[in-house]
Amino acid sequence: MKSIRGYFWYKHLKFFYRLYVLYYKHKIFFPKKSYSCFGEDIFIQKYFKKLDKGFYIDVGAYHPYFWSNTHLLFKKNWEGINIDINPLSVELFNYVRPNDYNINAAVSNSNRKYINYYTKNIINTMSTTSKFAAKTSYLRGYDVRKTKCHKLNNIISRSKFKNKKINFLNIDTEKTELDVLKSLNFKKYKPELICVEIHHNSSSPKNKRQLKSHPVYLFLRRKKYKIIWRKEYSIIFSS
């Protein structure tokens, strides 16, 4: 099973391939203190330490364990919605979190039934609906595929969580995060905590100025959010 680029293993050995991607690919064999990329989940868990059971939404969820900002919350009996443009990602969430609402779709603020997305292999952390992002990332030589497209409002309204307060919203969609935020009704759902990728030059001396002029930052500031944690391009805002 050297290659994960073709569909042969996925088609003919689907069960074993799913186990491979779920555990072996990212070397996840035992419980971990943190599953996030930069330790976001430890901060998030501490922030919600008094809340036994909450509600999360993860847009661009990718994997139930690897680089997951919601797995520690799931282990505390939280429930939520997990959204990803990779079909295999959603299969993994259906296997690990069957009581969550797991949907294979892109999230956009525009009304369209389907949208192109750009990826490599069957599952990829850098999959995106932004052609510009695909061209400027390591996805050179990417495949173009189609997926269903919904506003975040519509996805929530079709789930069992349609009237539930959002405690935690996570967005990692490779440079389309602003479009996702614009598709949410903040008057109705206003998340308590939001973790979002803001791609800026974190090593630059002008880091703060670049961050504070970024459209995602400006949007959330207008919604009365403030930064309470950040590392590299991962930023956590509270309302």
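The values are calculated or read from the model by the stated rules, or taken from the named source; none is laboratory data. The model shown is predicted, which means the values in this text are computed figures rather than measured ones. So basically every Cβ, Gly included, is an ideal-geometry build from the backbone, and we count neighbours across all protein chains shown. These accessible areas exclude ligands, DNA and RNA; they are computed on the full protein's heavy atoms, side chains included. Shrake-Rupley method; radii C 1.70, N 1.55, O 1.52, S 1.80 Å.
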If you take the residues in the stretch 31-48 that are open to solvent by less than 20 Å² (accessible area, probe 1.4 Å) and of a type in the set (Ser, Thr, Tyr), which one is nearest to the chain's Cα centre (by Cα)?
SER36
Candidates SER137, SER108, SER183, SER130 - the one that is under 17 Å from the mean Cα position of the chain (by Cα), open to solvent by 10 Å² or more (accessible area, probe 1.4 Å) and of a type in the set (Ser, Thr, Tyr)
SER130
For the subset of the stretch 49-83 comprising residues that are in a loop (DSSP other than H, G, I, E, B) and of a type in the set (A, V, I, L, M), which member is surrounded by the most Cβ atoms within 10 Å (Cβ to Cβ)?
ALA61
Checking GLU177 against (1) touching a His at 6+ places or on another chain (Cβ under 9 Å); (2) open to solvent by 10 Å² or more (accessible area, probe 1.4 Å); (3) under 23 Å from LEU73 (Cβ atoms), the condition it does not meet:
(2)
